[in-house]
Amino acid sequence: MAIIISENRDTTTNKVIDWCLKNNTDVRRINSNLCARLSFEISDEDDSVCINKQKISANEKIWNRRGKINTLPKEELLKTPFYNYLKREEDSLVKSVEFHFKSRNSYTGSYIKEVENYKIAHLVSAKKVGLKIPRTIVTNYKEELVNFYQKNKPIISKDLRYSVNISDENTKYTSIGTFEVTETMLDHLDTYFAPCYVQELIAKKVEIRVFIFKKKMFSMAIFSQNDTQTKIDYRNYNIEKPNRVSPFKFPENVEKQLLKFMNISNLDTGSIDLILTKKNEFVFLEVNPQGQIDWLSKYCNYYIEKYIAEELAYEK
Amino acid sequence: MSTAPIFNMHSNCIIVKGANRSTICDLQRNEVKLIPNDLQNLIEQYEGKTNEEIKAQYNESDYEVVDEYLNFLVEHEYAFFTNTPEFYPKLNIEWFEASKITNAIIDINSDLEYDVIKVLSQLDDLNCKHVQIRFFNVIKFSIIIKLLDYLNETESIVSSINFVVSFTKEFSVIKLVELFREQPRISSFLIYNHTKEDVIIPLKENHTKYIKCVTKNIKSASHCGVISQEYFVPNIKAYTESLQHNSCLNRKISIDTQGNIKNCPSMSESYGNIENTTLEEALHQKDFKKYWNITKDQIEICKDCEFRYICTDCRAYRENPEDNYSKPLKCGYDPYTNEWSDWSKNPLKQKAIEWYNL
């Protein structure tokens, strides 16, 4: 039996399940939008997790594609003052369940890795394995930021962890993704501010998105440089005329570096963004433990979902 | 060794050579661009060469044309120059499919002559996602609702439905737009016998869904099989499937108005009736899949056409009814002259038109 922890509208999960059905692999899906019936029993004899009336045995293969197991009957609790507290408690439980699975099951993907996605730590790890990284500063002090700008301009800024999604009564604030920081912006800053994440802007030939599942890599080049809208970040999508994409093949040494990076970061799956510079250097930008893979699979004809279904079917 | 950049096609822009001209099938942006065979020839011969190496093969008087060609390809992002072509492998052109049946046609006359719910239930077992339901007589709006309700209640795997219905006042645009909003499974409505020709996009958020009104009457399955540029599908999935399989009949199952199980309702071969045969049983009969692997490369005339891998096919109505590999009867395109004409007025097709009683 394979178990997929996901969200109800995730296309990739639907496609993986289609392939599981084709291969006669029993598969169970646990969606984070529904409250699962969960109990975790710890005793002298055995530790066991039971989800939706079924005990999870050690030979079941689990893939945490997206989201997490949800254990709070939300509707009733959402309006109470206890909700935030209960969510923190739940967080501890869900993480403990993941530790339990990781210790005895084949378990790919991770809720913990998704919430604890520290971009700065990843940059340091990437550097350790020999990948190039952009010069970076995180600071809450204007003088430092201006110095960094003078030395490294042009520079960009992006979210350190969470994209902006804040609403108050009248206004909704959302991120514009990665943007170039201008001198005018710096002029308007106070002496101190909340920490912000800034990097040198790296001129690119192409951007590269690589999805890794265990040791297998699926890479795609994004020719975002020809379009001013996507020049800074391909995620500022141009819907009318999407960036040209293409399957991509890394040189062997870079492939090794990427796998080593995953290894020292304790990641068994994730999507890495890189830049290929005009000098043919590969610059590591970030890793997303639960990234989008549908478009990558579709545009490069990779059948990633078929591959994952086969991995989930493999008997130990 | 030269360090000058090398001319390289983008891997999802594929050249298909025809008898008289070629196409660039942009399988990412879903577009088709016609190009002269001179340019096709340049690409075929000189991909992987530098600008200088290409020029060396031409006379100086041709440089202007060569530059124009190369600029055209780069500007439209069909091609690019690179020092590292080894980074950009060709597109994998394999085609795989998880479902035994990907699409189904259900034909219905006004009096329900067979159990449609039974068909829908069996399509679910086959993991069939796309269904077209064609009503050849006036129906009540409530019949549509009844079928959709069934799919919703059973959480059916069917994820897209095309309806073909006759126009009545019940099928007003306002009512249909609301239906599209409530029923995400609906992908299109074709309304025949309408008072005017029109195409309406009912949802702002999804431009692939449409309501099409036509004034002509659709009385039976014999309206089907028309080949037109409108039906070209320049995407990776359709292109790779058509390299190996028939672009209409592969993984298709149909029920005609009498409840007969067929590959296509317009074909005479039946593999049992839904009253006493399951779709799965019909599918396993010896000849059910006999047209599934007929590709355009095997079909007369189509095999020379520049549109062959993005075009639909039809094996039900053929120019020569006695030849399984004859060109679709309802195609008015001639790849040798590059002209589109009205197929139904072509004198050479009159005999076949008579044969099929069209």
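So what's the gap between the Cα centers of the stretch A:87-102 and the stretch B:297-355, to the nearest angstrom? Measuring centre to centre over Cα atoms gives 63 Å.
Per residue, the accessible area of chain A comes to 53 Å², computed with a 1.4 Å probe over protein heavy atoms only.
Over all directions, the projected convex hull of the C-alpha atoms in the stretch A:87-149 averages 7.0 nm² in area. Set the Cα radius of gyration of the stretch A:135-200 against 2.2 N^0.38 Å, with N its number of residues, and you get 1.17. The heavy atoms of A:Cys20 present about 0 square angstrom of accessible area, all protein chains included, probe 1.4 Å.
Once all protein chains are placed together, B:Thr84 keeps about 10 Å² accessible to a 1.4 angstrom probe.
Between A:Asn253, A:Asn64, A:Asn14, the GNM of chain A built on Cα springs shorter than 10 angstrom shows A:Asn253 fluctuating the most. Counting, for every residue in A:247-255, the Cβ atoms of other protein chains within 10 Å of its Cβ and taking the mean gives 2.
Each residue, B:Asp62 and A:Lys55, gets one label point 7 Å from its Cα in the Cβ direction; the gap between the two is 7.7 nm.
Can you compute the helix-only [θ] at 222 nm over chain B? Use -39500 (n - 2.57) per DSSP H run of at least 4 residues, normalise by all residues, nearest 500 deg cm²/dmol. Computed mean residue ellipticity for chain B: -6500 deg cm²/dmol. Which shape class, rounded, prolate or oblate, goes with the stretch A:2-115 when its Cα gyration tensor gives a ≥ b ≥ c as root eigenvalues, a/c under 1.5 marks rounded, and past that a/b bigger than b/c marks prolate? Verdict is oblate for the stretch A:2-115. Loop-located GluC sites (Glu not before Pro) in the stretch A:1-86 (DSSP state not H, G, I, E or B) with no more than 12 neighbouring Cβ atoms inside 10 Å: A:Glu45. Projected label points at A:Thr277 and B:Thr208, each 7 Å from Cα along the beta carbon direction, are separated by 4.0 nanometres. Largest to smallest in accessible area, the residues B:Asp26, A:Asp91 fall in the order A:Asp91, B:Asp26 (1.4 Å probe, all protein chains included). Among the listed pairs A:Lys132/A:Lys153; A:Lys102/A:Lys249; A:Lys15/B:Lys129, those whose Cα-Cα separation exceeds 20 Å are A:Lys102/A:Lys249. For the protein assembly as shown, a Kirkwood radius taken over Cα pairs fed into Stokes-Einstein (20 °C, viscosity 1.002 mPa s) yields D = 74 µm²/s. Surface composition of chain B: carbon and sulfur make up 48 percent of the accessible area, probe 1.4 Å. Based on every Cα atom in the stretch A:57-173, Rg and the maximum pairwise Cα distance Dmax equal 20.1, 58 Å. Summed over all non-identical Cα pairs, the Kirkwood treatment of chain B gives a radius of 22.8 Å. The mean number of Cβ atoms from other chains found within 10 Å of a Cβ in peptide B:85-95 is 4, as a whole number.
Only one residue of B:Thr240, B:Gln229, B:Tyr192 has its Cα farthest out toward the positive end of the dipole of the stretch B:181-242, where Lys and Arg carry +1 and Asp and Glu -1 on Cβ, and that residue is B:Tyr192. Looking at the stretch A:98-128, the GluC sites (Glu not before Pro) that sit in a DSSP loop and have at most 16 other Cβ atoms within 10 Å of their own Cβ are A:Glu116.
Would you calculate the volume per residue, in Å³, of the smallest convex hull containing every Cα atom of chain A?
About 184 Å³ per residue, rounded to a whole number.
For the stretch A:167-198, GluC sites (Glu not before Pro) are listed when DSSP marks them as loop and at most 16 other Cβ atoms sit within 10 Å of their Cβ; the list is A:Glu169.
Calculated FRET efficiency, A:Lys172 to B:Glu75, Cβ-Cβ distance, R0 = 51 Å: about 0.85 to the nearest 0.05.
Annotation for the stretch A:1-30 versus the stretch A:254-307: alpha-carbon center distance of 22 Å.
Positive end of the dipole of the stretch A:2-115 (Cβ unit charges, origin at the Cα centre): among A:Tyr83, A:Tyr111, A:Asn52, the Cα lying farthest that way belongs to A:Tyr111. Placing +1 on the Cβ of every Lys and Arg and -1 on the Cβ of every Asp and Glu, with no other charges, gives the stretch A:135-200 a dipole of roughly 280 debye about its Cα centre. Note down the Stokes-Einstein diffusion coefficient of the stretch A:111-254 in µm²/s, whole number, using a Kirkwood radius over alpha carbon pairs, 10 °C, and 1.306 mPa s. Estimated diffusion coefficient is 91 µm²/s. The local environment of A:Gly130, defined by Cβ-Cβ distances under 15 Å, has a net charge of +2 under the rule Lys, Arg +1 and Asp, Glu -1.
The values are calculated or read from the model by the stated rules, or taken from the named source; none is laboratory data. Please read these numbers as outputs of a predicted model, since none were measured by experiment. Methodologically, a virtual Cβ is constructed for each residue, glycine included, from the backbone with ideal geometry; neighbour enumeration extends over all protein chains shown. Accessible surface is based on the protein model in full, side chains and every heavy atom, while ligands, DNA and RNA are left aside. Shrake-Rupley method; radii C 1.70, N 1.55, O 1.52, S 1.80 Å.
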